[in-house]
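Q: Got a structure for you, questions after.
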Amino acid sequence: ADKFVEIETDLAVVNDGFFRTAFAGVIGGIAGIVAGQPLDTIRVRYQTQAWSSPWQCFTTTFRNEGVLGLFRGLLPPIAGATFVNAVLFSICNHLNHWQAERRSPEIQTEYRNTLGEIFTSGCVAGFLQCLVIGPTDLIKVKLQGEVSQFSGPTATAKKVFREGGFTGVFRGMVPTIIRDTPGFGAYFWTYEKIKRDLGASDEHISHLVLFVAGGIAGCVAWTITYPFDVIKSRMQMDSITNPRYKGMVDCGRQTLKE
């Protein structure tokens, strides 16, 4: 009887941690998307269109479309973030817990998880969230780049599905997976490494350490995976009925020639 009580207690703790982590991931994800959408719009347009500089892209977009132009394509990632961030952080939390319970007694660590375990959890979570982030990111990219063709997320989704079917909806999925699988692994590894080097723990961590660790982790992850983000954006922005790129390799080859 005591054993069942112990199991139920452990499950209650894990489930409580799941919902707390999921809720924090959703709120944080939405806040991050809204704050970063103007820069994301400039990033996507600069990757897929001919501009002399990011500043020219920004000033032209602002002059021609106003503030709302910088927030084009905002709704799809917000809708996706409700699920994606909950899944991402919760899966990482559960995998870390699972790996810690099954770790060999010969492996000693003063923390709950080794950095290798955290990297693995990040990679798995990054891979799984691609199933949602791929289609929503495609709609976002289409809205950010094609002002005249698409009036909103729903119209864009219908047009993409009508012209390309499921294949069109998941266009750019391969570079998305290549970007996000190691990208999130690197992010969580770097975040935890810096946090530990600064002497912080899950129970005692300041907002400054969170800011520094998260910022550096984001820079590392983007630096490693950015080339595949460029390829992903170009493939998703490409015409569905008359595509310029035959696939990821062809897109990468043509991009390198530029």
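The values are calculated or read from the model by the stated rules, or taken from the named source; none is laboratory data. If you're wondering where the values come from, they're calculated on a predicted model, not measured in any experiment. Note that each Cβ is placed from the backbone with ideal geometry, even for glycine, and that neighbours are counted across all protein chains shown. These area figures cover heavy atoms from the full protein model, side chains too; ligands, DNA and RNA do not enter into them. Shrake-Rupley method; radii C 1.70, N 1.55, O 1.52, S 1.80 Å.
Q: Highest mean first, how do 190-199, 69-78 rank when packing is the count of other Cβ atoms within 10 Å averaged over residues?
A: Details: 190-199: 16.9, 69-78: 19.9.
Result, highest mean first: 69-78, 190-199.
Q: What would the Debye equation give as log₁₀ I(q)/I(0) for the range 86-138 at q = 0.17, 0.20, 0.22, 0.30 Å⁻¹, counting only Cα atoms as equal point scatterers?
A: With no solvent term, the Cα-only Debye profile gives -0.55, -0.68, -0.77, -1.14.
Q: Rule-of-thumb check for the chain: C-alpha Rg over 2.2 N^0.38 Å?
A: Details: Rg = 20.5 Å, N = 258, 2.2 N^0.38 = 18.1 Å.
This ratio for the chain stands at 1.13.
Q: For the chain, compute the number of Lys pairs whose alpha carbons are separated by less than 23 Å, excluding pairs fewer than 8 positions apart on the same chain.
A: Pairs that pass both the separation and distance tests number 15.
Q: Turning to a different aspect of this structure: Within 10 Å, count the other beta carbons around each residue, average over each peptide in 45-54, 175-184, 58-67, and list them highest first. Present the calculation step by step, with values, prior to reporting the outcome.
A: Values: 45-54: 14.6, 175-184: 23.5, 58-67: 12.8.
So the peptides 45-54, 175-184, 58-67, ranked by packing, come out 175-184, 45-54, 58-67.
Q: Students often check this: by mean Cβ neighbours within 10 Å, which of 206-216, 112-122, 130-140, 33-43 ranks highest, and how do the rest follow?
A: Values: 206-216: 13.4, 112-122: 19.9, 130-140: 23.1, 33-43: 17.1.
The densest-packed peptide leads the list: 130-140, 112-122, 33-43, 206-216.
Q: What does the extension gain come out to for residue 151 and residue 250, with contour length at 0.36 nm per residue minus their alpha carbon separation? Before the final figure, lay out each step's value.
A: Working: separation 99, 0.36 × 99 = 35.64 nm, distance 2.99 nm.
Once the chain is fully extended between residue 151 and residue 250, it gains 32.7 nm.
Q: Now for a different question. How big is the Kirkwood radius of the range 46-156, worked out from every pair of different alpha carbons and given in Å to one decimal? Walk me through the numbers before you get to the answer.
A: Numbers: mean 1/r = 0.0590 Å⁻¹.
Kirkwood radius, the range 46-156: 17.0 Å.
Q: Let me ask something additional. Top to bottom by accessible area (1.4 Å), largest first, where do 104, 151 land? List each step's numbers first, then the result.
A: Values: 104 50, 151 115 Å².
These residues rank, largest area first, as 151, 104.
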